[in-house]
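Structure first, commentary second.
The values are calculated or read from the model by the stated rules, or taken from the named source; none is laboratory data. On a predicted model such as this, the values are computed, not experimentally measured, just so you know. Counting neighbours? That spans all protein chains shown, and the Cβs are built from the backbone with ideal geometry, glycine included.
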Amino acid sequence: MINRITPLLLYSLLFSQQLELPKSAPNDQIVHHSNYTLNYSEKHEQAEWVAYTLSSSDVYGSVGRTNDFRADPKVKTGSASLADYKGSGYDRGHLAPAGDMKSTYTAMSESFYMSNMSPQVPSFNRGIWKKLESTVRNWAVDYQKVYIVTGAVLTASYPTIGMNNVSIPEFYYKVILDYEQPEIKGIGFILPNQKSSQSLQSYAVSVDEVERFTGIDFFHSLSDDIEEQIESDVTLNKWSFRSTKGYSGSSTYTTKQEKLKGQPKINVNNASKGELMRLPGIGDKLSDKIIAYRSVYGGFKTLDNLQAVKGIGVKTVAKLKPYATVYD
């Protein structure tokens, strides 16, 4: 029985493998980032699954949103691009939400890779999906740590958006494992990509049901008897569906300017790409242009010289001046 698992066995299981990772095949394109791992589907130009752990300390992190949407350089076949979503009418829906990545700047920034995005109906992304994400954060606080796998259901051919033909899924799923004593448990959700006024509980299913629906083998690192008991059970009263709430620390919608207040100025003549992208008005493409300019001309004598970079004008330089410098 689950309740008879010894502390030693728990320790062995938890630290001998990453319990959140689903079973993968030899041809899967597995991509590892600092706080999450994904399996990228080139056919659908998005992740088949994204897996990560979420602890209470992660939930209480203070790093704000970076909003630096960009292609994922680790996807060997090339990920979807920001342009694919432009004018489509669909949100760039996070699979691993930014609100779960507040522990470090790197984790937050990496959550904006396009490999972590999927075309979601706006009322879905900002409604029932957001509510589920907030509920999972509550569980990370209530149960110390949870293991999460989430993604679009990619089992058929779908309409697409953009030059890269990004599939528009009909359904999304999320499975959660609480592997902390005293009550080890799992739960799954399957939600249609549309506006909903239904309760989250109405979409709750067993992990087994999500496996049948997606064809993915979740939590396969568990011993067979433990896996069977956790994945076949969907007892709702084991899970708290209390009202969601915000947590201490900076809002995930903190602006770049607010994050940089009180910090040393960033020297644009030697800053890394990530540091440049922290500056207001500087995103993926402009940071690359700044670095390219430096490699040719050796740097900038004044911040106003940044206007020599195509795409940077007077207004952008004015935004930068409180937070950037050209001097060591």
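Which residues, counting only those in region 299-327, are outside any helix (DSSP H, G or I) and among the small types (G, A, S)? Even if it seems obvious, please write down each step before you answer.
To start, the set of residues in region 299-327 that are outside any helix (DSSP H, G or I) comprises 299-302, 309-313, 321-327.
Result: G299, G311, G313, A324.
Once region 252-286 is narrowed to residues that are among the small types (G, A, S) and within 22 Å of the chain's Cα centre (by Cα), the residue that is modelled with the highest pLDDT is G283.
Working only within region 289-303, note down all residues that are of a type outside the set (F, W, Y) and surrounded by 14 or more Cβ atoms within 10 Å (Cβ to Cβ).
Step one: list which residues in region 289-303 are of a type outside the set (F, W, Y), which gives 289-292, 294-296, 298-299, 301-303.
K289, I290, I291, R294, G299, L303 - these are the residues of region 289-303 that are of a type outside the set (F, W, Y) and surrounded by 14 or more Cβ atoms within 10 Å (Cβ to Cβ).
Quick check: is even one residue across region 295-303 closer than 25 Å to T106 by Cβ and of a type in the set (S, T, N, Q)?
As a first pass, look at region 295-303 and keep what is closer than 25 Å to T106 by Cβ: 295.
Narrowing the set further to residues that are of a type in the set (S, T, N, Q) leaves 295.
Yes, some residue in region 295-303 is closer than 25 Å to T106 by Cβ and of a type in the set (S, T, N, Q).
Among the residues of region 1-19, at least one is at pLDDT below 95, surrounded by fewer than 15 Cβ atoms within 10 Å (Cβ to Cβ) and of a type in the set (D, E, K, R). The sole residue among S111, S118 that is farther than 24 Å from V205 by Cβ and under 13 Å from the mean Cα position of the chain (by Cα) is S111.
Scanning region 141-153 for residues that are of a type outside the set (S, T, Y) and either surrounded by fewer than 21 Cβ atoms within 10 Å (Cβ to Cβ) or within 9 Å of I176 (Cβ to Cβ) (or both) returns V141, D142, Q144, K145, V146, I148, V149. Please determine whether any residue of region 284-298 is touching a Lys or Arg at 6+ places or on another chain (Cβ under 9 Å) and assigned to a loop (DSSP other than H, G, I, E, B). Scanning region 284-298 turns up no residue that is touching a Lys or Arg at 6+ places or on another chain (Cβ under 9 Å) and assigned to a loop (DSSP other than H, G, I, E, B).
For region 61-73, the criterion of being loosely packed, with under 14 Cβ neighbours inside 10 Å and at pLDDT 95 or above is satisfied by at least one residue.
The residues of region 179-221 that are under 20 Å from S232 (Cβ atoms), of a type in the set (S, T, N, Q) and buried (at least 19 other Cβ atoms within 10 Å of the Cβ) amount to a single one, T214.
Within region 205-234, the set of residues being in a loop (DSSP other than H, G, I, E, B) and either among the aliphatic types (A, V, I, L, M) or at positive phi (or both) comprises G215, I216, F219, L222, V234.
Only one entry in S81, S57 is under 18 Å from I168 (Cβ atoms), of a type outside the set (D, E, K, R), out of contact with any Asp or Glu (no Cβ under 7 Å at 6 or more places or on another chain) and touching a residue at least 24 places away in the same chain (Cβ under 8 Å), namely S81. How many residues does region 60-114 contain that are of a type in the set (A, V, I, L, M), assigned to a loop (DSSP other than H, G, I, E, B) and touching a strand residue (DSSP E or B) at 6+ places or on another chain (Cβ under 8 Å)? Matching residues across region 60-114 total 5.
Within region 76-97, is there a residue that is crowded, with 18+ Cβ neighbours inside 10 Å and basic (K, R)? Taking every residue of region 76-97 in turn, at least one turns out to be crowded, with 18+ Cβ neighbours inside 10 Å and basic (K, R).
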